[in-house]
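Have a look at the structure below before the remarks.
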């Protein structure tokens, strides 16, 4: 099996971009998309403005890179948790709860995507910067469904379509929470989504 070794340049690049994106998340969440500037992000990251432009062409590119960076971190942590869960029910509930909790914790940042950038009615699969991420999230859910079918805990549903449907149900509730359209507690919405999904797919 071949192993891809990272060069020193790769490591430095990853370290630098991670710092920039963490700073960008804080700046965007505080100032919003329109009022945030590349200068603000550079200052928060402790780098020169020119360094930002080595990696990103424009402010929009920085925002979507920061969005992807955060969601990838969330799913990395979730995958570790999912491996520790022993039942399909627990895995599915943990995934729902983890996604909602993360978006709650970063509400101001996600509000930019759902309001300021005008993407509320555009499906993530049609946003070039988010398409691959959307598909990857659905694959995580599909793997849980396939495991459930093998264990005869779930009905023999079409796993790909079901995974996309569950992803979009979670997304719909996230939008309501981020934009303040619901006053439900986190646990209530987790229970709602899980109950809705489980009653549709359980064996």
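The values are calculated or read from the model by the stated rules, or taken from the named source; none is laboratory data. Only a predicted model underlies this, so the values are computations on that prediction, with no experimental measurement involved. Virtual Cβ from ideal backbone geometry, glycine too; neighbours counted across all protein chains shown.
Values for this structure:
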{"quantity": "Residue list for the range 96-131, filter: assigned to a helix (DSSP H, G or I) and modelled with pLDDT under 75", "calculated": "116"}
{"quantity": "Residues that are outside any helix (DSSP H, G or I) and under 21 Å from the mean Cα position of the chain (by Cα), drawn from the range 185-203", "calculated": "185"}
{"quantity": "Residue among 71, 88, 62 that alone is touching a strand residue (DSSP E or B) at 6+ places or on another chain (Cβ under 7 Å) and in contact (Cβ under 8 Å) with a residue 24 or more places away in the chain", "calculated": "88"}
{"quantity": "Among (1) over 22 Å from residue 79 (Cβ atoms); (2) out of contact with any helix residue (DSSP H, G or I) (no Cβ under 8 Å at 6 or more places or on another chain); (3) surrounded by 14 or more Cβ atoms within 10 Å (Cβ to Cβ) - the single one residue 180 does not satisfy", "calculated": "(3)"}
{"quantity": "Residue within the range 94-117 that is in contact with a strand residue (DSSP E or B) (Cβ under 8 Å, 6 or more places away or on another chain) and surrounded by 13 or more Cβ atoms within 10 Å (Cβ to Cβ) present", "calculated": "no"}
{"quantity": "Long-range neighbours under 8 Å by Cβ, at least six apart or interchain, first residue surrounded by fewer than 14 Cβ atoms within 10 Å (Cβ to Cβ) within the range 129-154, second part of a loop (DSSP other than H, G, I, E, B)", "calculated": "152/203"}
